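Have a look at the structure below, then the notes.
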Amino acid sequence: MGDINCINIATRILKEKETARQIERYFQLASEKMKSQDFPEAINLLTKILEIDSENRKAKTQIAYLEEIIRFNNTDVFSSTNLFMDPWEE
């Protein structure tokens, strides 16, 4: 009975290490996509991390950061004819 318990513990530890390696690999790939300014793909990779670990704060923070970058990149400051409103203040 003790051997089976040890095997189960060892199996769980190996799975946790593999999961950690997978998450780290997704972070590396997301970082590469951010450097090349492929922000939507970086968000997709970070979302895969959240599918593995829904409480990963680093992935959540980076997704929020990238979404803000995309929002600012898609803001056309000259599209508004309202000259009295600052387009950066919402």
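Annotation note: Cβ proximity below 9 Å between a residue of region 44-66 that is among the polar types (S, T, N, Q) and a residue that is open to solvent by 50 Å² or more (accessible area, probe 1.4 Å) (sequence gap 6+ or interchain) occurs for ASN44/LYS33. Considered as a group, the residues in region 1-42 that are β-branched (Val, Ile, Thr) and surrounded by fewer than 14 Cβ atoms within 10 Å (Cβ to Cβ) include one that is farthest from PHE72 (Cα to Cα), and that residue is ILE4.
The values are calculated or read from the model by the stated rules, or taken from the named source; none is laboratory data. Just so it is clear, the structure is predicted and the values come from calculations on it, not from any experiment. With ideal geometry, Cβ positions are generated from the backbone for all residues, glycine too; neighbour counts draw on all protein chains shown. When the accessible area is computed, the model is the full protein with side chains, heavy atoms only, and any ligands, DNA or RNA have been set aside. Shrake-Rupley method; radii C 1.70, N 1.55, O 1.52, S 1.80 Å.
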